[in-house]
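All remarks here apply to the structure that follows.
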Amino acid sequence: MSITKRLLAFIMCLLMLFSAIACSSDVEDYSDSGSGAGNSIATGPSQAPANYVVLAEHEVANFRIVYEKGLTSAVVQKLNTNLETLKNKTGVIMEAVTDEALPAPDGKPEILIGETNREVSRIASAKLRSGEYTIEYDKSTNSVVIAGGGAAAISSAINSLFKKGIDTNKRYFAISNNFREEKFLNFPIQSVL
């Protein structure tokens, strides 16, 4: 009886070993080919739709987050919470720096948050009132711009971008290349007689 149990345990170990080997041979390698630290773009086929801008995929961040130095600690905490969610759901660690730490673009695509020192975010921020926000992809600068009229509006915009952009089933973070979301306050127009 004990020989039968040992033989059965040995056969089960072999089956587990063979199944582990078979499963590991189906894994594709999407690692970076060494094109430079910090500027790597994911290789391999994208699982995002063709008309999407891939912000991060295959555990590689294609964009860097640059946020306004003057953002409140609550907004920075909201950003960090969303970055942690991105990491947990897709495996991507996305770099986030202040505009003061990176005073000029260096060629890597950026997600701009708040009124940064980049012209495109200053223009977007200038047209907003308190409580309003806009999120848009700017093709000319290859940037995603998040601007808001106040800390609460910027926090809402950050949440919206991350909620809509992360596809946990396919493990990418992407938005449509014509993505634009705006929240404007509507005030009733009163006529004066």
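Other residues within the sphere of radius under 11 Å centred on the Cβ of Leu112, judged by their own Cβ, net out at -4 (K and R +1, D and E -1). Within a straight-line Cα-Cα reach of under 16 Å, Lys164 can be paired with the following lysines, leaving aside sequence neighbours fewer than 8 residues apart in one chain: Lys78, Lys87, Lys89, Lys183. Spacing of the modelled spin labels on Phe10 and Thr168, each 7 Å from Cα toward Cβ, amounts to 4.5 nm. If you take all other residues with their beta carbon under 13 Å from the beta carbon of Ile158, and give Lys and Arg +1 and Asp and Glu -1, the sum is +1.
Each value in this text was obtained by applying a stated rule to the coordinates, not by laboratory testing. Values in this document were obtained by computation on a predicted structure and should not be read as measured data. Note: ideal-geometry Cβ built from the backbone for every residue, glycine included; neighbour counts use all protein chains shown.
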